[in-house]
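A.B. asks: Below is one structure. I have some questions about it.
Where a number appears in this text, it was derived from the coordinates with a stated rule and is not lab data. Note that the structure is predicted; figures quoted are calculated from it, not measured. Cβ coordinates were reconstructed from backbone atoms using ideal geometry, including for glycine residues, and neighbour counts include every protein chain displayed.
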Amino acid sequence: MQILFILLAVVLIICTVIFALQNVATLTIQFFIWQFQEAPFLFIVLAALVAGLVSGLLILLPAITKNSKKSSQHRQRIRELENTLEEKDQTINNQNERVRYLENHLPGGQGSSESG
């Protein structure tokens, strides 16, 4: 999966370089009271791309933090359940040892020398 992301990044970089070399024109951009004269077309496109990425991340941020918090709570619950399971296993082992001891040391148990 990581190789796929690296390959995708390389392809994106190559496409960006080709785009930059083929589009060397300059533009004048007006945004409210600001005006940018002679701005390279590539910078305009990249600025729009960055603005879109930032907007998308800001929109997703609440969901990401919520999922991260839930994931953390689930990991904590798993640790608690694993600890409980360990305690129960230990209790079962202790009880099995007691049963074996009692079977071997009580009269009429499996381990006694008396025959019935």
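A.B. asks: Evaluate the following for Pro107: is it exposed (fewer than 10 other Cβ atoms within 10 Å of the Cβ) and assigned to a helix (DSSP H, G or I)? Explain how you work it out, then say what you get.
C.D. replies: On the way: exposed (fewer than 10 other Cβ atoms within 10 Å of the Cβ): yes; assigned to a helix (DSSP H, G or I): no.
It is false that Pro107 is exposed (fewer than 10 other Cβ atoms within 10 Å of the Cβ) and assigned to a helix (DSSP H, G or I).
A.B. asks: Something else about it: Could you grab me the full set of residues in segment 22-55 that are surrounded by fewer than 10 Cβ atoms within 10 Å (Cβ to Cβ), in a strand (DSSP E or B) and either aliphatic (A, V, I, L, M) or at positive phi (or both)?
C.D. replies: Of everything in segment 22-55, just one residue is surrounded by fewer than 10 Cβ atoms within 10 Å (Cβ to Cβ), in a strand (DSSP E or B) and either aliphatic (A, V, I, L, M) or at positive phi (or both), namely Glu38.
A.B. asks: Is there any pair with a first residue in segment 1-22 that is touching a residue at least 60 places away in the same chain (Cβ under 8 Å) and farther than 14 Å from Leu42 by Cβ and a second that is surrounded by fewer than 10 Cβ atoms within 10 Å (Cβ to Cβ) and not polar (S, T, N, Q) whose Cβ atoms are under 7 Å apart and which are 6 or more apart or on different chains, and what are they?
C.D. replies: Note: no pairs meet the criteria.
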